[in-house]
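Just so you know, all these numbers are worked out from the coordinates, no wet-lab data involved. The model shown is predicted, which means the values in this text are computed figures rather than measured ones. Cβ sites come from the backbone with ideal geometry, for glycine too, and all protein chains shown count toward neighbours.
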Amino acid sequence: MKKPILILIWSSVAMLGALALGTIALHRGEQINAMWLVVAAFCAYALGYRFYSKFVSAKVLALDARRATPAERLEDGRDFVPTNKWVVFGHHFAAIAGPGPLVGPVLAAQFGYLPGTLYILAGAVFAGCVQDFVILLFSVRRDGKSLTEMARDEIGIVGGFVAYVAVISIIVILLGAGALIVVNALKSSPWGVFTIAMTMPIAVLMGFYLRHLRPGKVLEVSVLGFILVMFAIWGGQWVSQTPAVAPWFTLTASTLAIVIIIYGFFASALPVWLLLAPRDYLSTFVKLGTIGLLAVGIIVLRPTLHMPPLTRFIDGSGPIFAGSIFPFAFITIACGAISGFHSLISSGTTPKLIRREPETRMVGYGAMMAESMVAIMAVIAACVLQPGTYFAINSPAGVVGLSPEAASATISSWGFPVSAAGMHALAQAVGEQTLFNRTGGAPAFAVGMAHIFSSSLGGQAVMAIWYHFAIMFEALFILTVLDAGTRVGRFMVQDALGHIWKPLGRTSWYPSILATSALIVAAWGSFLWQGVKDPLGGINSLWPLFGICNQLLATVALCVATTIIVKMGKARYSAVTLVPLSWLVAVTFTASWHKMFDPNPRVGFLAHARSLASSAAPSHEISRLVFNDRLDAVVTGALVCMVALILLESTFLWMRVLSGGMQARVREAPFVATRFAAEEQG
Amino acid sequence: MKRSRPWPNERSTAESCSAGRTPASIPTWFVGAMALLFSALREIFDESAYSRFLARHEMRSCPDAYAVFLREQENLKARRAKCC
């Protein structure tokens, strides 16, 4: 295409994006249509991909189309397989898309739709996409090495150790927070519990079909499983309305927590692949289908946002989680803007599938843009709700009051009108007994999604089906993350213990399997139990802790990336990773400081422990809550200290390289010319 | 006007006949896009991995072969974290 036409097209995209962003940012006192968010996102991603990622790939990384990737050089048909770039893109997106970009933005909507939207867009374009892209490329140039291996090779032993501890910590806290979201979504909900319980026999049936009737036909059996799950959702309605059966599936939060902890242990310790592998496929199928459906629903229905752009809670007095907009909005959103966890995927399976080096741009940068779009959809799903309804669902009883009337009065007094009768009618419409105090983000997202879909597809009559479909989707998704994460954590602990005593490292030795499974389950189970028993809802403590961990892991990934860029002799371009790194350091260190030492008991762990100790009569329950708060403070402090260590080690290394005191030597695999370039020319 | 060579997306008569399952009214780009989408789904759902496994071991698909494939996958997948 001719240059003037291109200039015209891109200028139009920039102007449209500016108009959409201006509308989002400057409208006050009137509701806007969700399409403005979609348009702003598309324009920001298009410009970011076309110009910024091109600059990074050309100037900073110098992508080389002549260089063979490990998928080509080490091709073995198993781990290393040169694969079409669109196929790798789909594979990578399916791997990075988790519950984080759905839950985080829903919780951060307590500040209004504006802060979350702006951070998701800017964070993704300048930080998250860049992190995923550079880590993917650096792993490709190192034969698909993992983040911890690259940290050890390029920074030093401290870097490798800190990366390892950060990965274990994030897994444990993620699993605790994820399990709490499931508990809060399913407690006192016979419909939801029945649907999730039914996914187990359905998965076993899928496993039998796959193994004996149609070996390897996973897509086919996933469609079958999906149809059966839809029947289970329909059957759940009957269960919830049948007094003789409903009590079997009506579980308290504590009972659900115990069930999930036991499930996690068996999923990790026993060879139950007949159940887990098919359920993993089913979860992926439902996940991709639901994300696609939600995107179509938003574009076709173009709902109106009822949440204001900014709420009064930017001052830190929010009911869902306490803390001011900086740094807590950025800690809470996490995965939609930048996620440290993605660096594990970018240095895991994906680099072993990349066929040509320039394709890392589309896969790494592009897939994160798609993930960020999912986060924008979550903002929309939360903000289409009336603010009073949103706060009634997400606020814990400890903040708004136990009874529906008290909660409604408290929320209405904030300027977000809601009535107990209205909430009761909504709960009836979605087939629940109550929607008050359903903290965790999942129920609010489910109500928002049901609201969007029921506007056209089936109307109010099927709102309950849509709601339970969304709940099933999130719970299934999180439980899959839970069993996979527990096994990964077990393997990591076994690998480490194997250095101390070899039998402990043997993944087939049952005493070691049982002991390490119990260790990992006890670790995340204690966070889950703490959340269930927390009068402030648990999410108030756990989600920020998870966000801090996740962003600290991103800090480690950006330290590795900056170190490699400096060693490549491209220090003049190091701002590409150094600026997001500085931002993350500012955000995570400030948030950690607040979580440990803030005098407000709703924010600071230690202040909360002090207030509990001084205000209540000593009891076993209070002692445990105090202990939990102190433990959270110690975990946060330990993580921050370790990341500070890796930062210091990296900074000394950069200074030595830049001052000429150290010879810069990157640990890349030697250059081998690709045969694909010649084939394409031929 | 005569064209010296076919357009890149133009297929010969023989090719069109051999792809008899594709009705002529469906645009080529759409068929290509669907094929790509299906390939991505096959990769995500491990169907391609199973095909590669069968090719590598020169086996035909059967319950026993799938059981061996699952055992091989078990070790790989168990070490692969799912993202948040």
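Could you let me know the centre-to-centre spacing of segment A:610-671 and segment A:539-597, using Cα atoms, in angstrom?
The two parts, judged by their Cα centres, are 11 Å apart.
Which Rg and Dmax, in Å, describe the Cα atoms of chain A?
24.7, 82
Mind listing the phi-derived Karplus ³J(HN,Hα) values for segment A:131-139, rounded to whole Hz, using 6.51, -1.76 and 1.60 with θ = phi - 60°, and x for any glycine or proline?
Once rounded to whole Hz, the list reads 4, 4, 5, 5, 5, 4, 5, 5, 5.
In the protein assembly as shown, if the dipole is taken from +1 on Lys/Arg beta carbons and -1 on Asp/Glu beta carbons about the Cα centre, which of A:Phe527, A:Gln110, A:Thr651 is farthest to the positive end?
A:Thr651
Could you give me the radius of gyration and the Dmax of segment A:464-621, taking only the C-alpha atoms into account and expressing both in angstrom?
In order Rg, Dmax, the Cα atoms of segment A:464-621 give 20.8, 63 Å.
Taking amide H positions as placed 1.01 Å from N in the peptide plane, with prolines and chain starts having none, which residues 5 or more places from A:Ala68, or on another chain, fall under 5 Å of its amide H?
Long-range HN contacts for A:Ala68: A:Val672, A:Ala673, A:Thr674.
Would you compute, from DSSP H runs of 4+ residues alone, the mean residue ellipticity of chain A at 222 nm, taking -39500 (n - 2.57) per run and dividing by the full residue count, rounded to the nearest 500?
Value at 222 nm, helices only, nearest 500: -22500 deg cm²/dmol.
Step through the table entries A:Lys533/B:Lys82; A:Lys287/A:Lys595; A:Lys352/B:Lys77; A:Lys187/B:Lys77; A:Lys59/A:Lys352, compare each Cα-Cα distance with 22 Å, and write down the pairs that go over it.
Flagged as over cut-off: A:Lys533/B:Lys82; A:Lys287/A:Lys595; A:Lys187/B:Lys77; A:Lys59/A:Lys352.
Treating the Cα atoms of segment A:59-170 as identical point scatterers in vacuum, please give the log10 of the normalised Debye intensity I(q)/I(0) at q = 0.23 Å⁻¹, two decimals.
-1.36
Translational diffusion coefficient of segment A:96-147 at 25 °C, 0.890 mPa s, Stokes-Einstein with Kirkwood Rh over Cα pairs, in µm²/s as a whole number.
It diffuses with D of about 192 µm²/s by this estimate.
Looking only at other chains, what is the average number of their beta-carbon atoms within 10 angstrom of each beta-carbon in A:212-220?
If you average over the peptide's residues, the count of other-chain Cβ atoms is 6.
Taking each pair of different alpha-carbon atoms in segment A:396-535 once, compute 1/r for the pair, average those values, and report the inverse of that mean as the Kirkwood hydrodynamic radius in Å to one decimal.
This gives a value of 18.3 Å.
Mind listing P(r) for segment B:45-84? All alpha-carbon pairs, 10 Å bins, whole percents.
Per 10 Å bin, starting at zero, the Cα-Cα P(r) for segment B:45-84 comes out as 28, 52, 17, 3 percent.
Give, rounded to the nearest 20 debye, the magnitude of the charge dipole that segment B:45-84 has about its Cα centre when Lys and Arg contribute +1 at Cβ and Asp and Glu contribute -1 at Cβ.
220 debye
Could you give the dipole magnitude of the protein assembly as shown about its Cα centre, charging the beta-carbon of Lys and Arg +1 and that of Asp and Glu -1, in debye to the nearest 20?
Here the protein assembly as shown has a charge dipole of around 1720 debye.
Which value, in debye to the nearest 20, gives the size of the charge dipole of segment A:384-499 about its Cα centre, when Lys and Arg are +1 and Asp and Glu are -1 at the Cβ?
Here segment A:384-499 has a charge dipole of around 60 debye.
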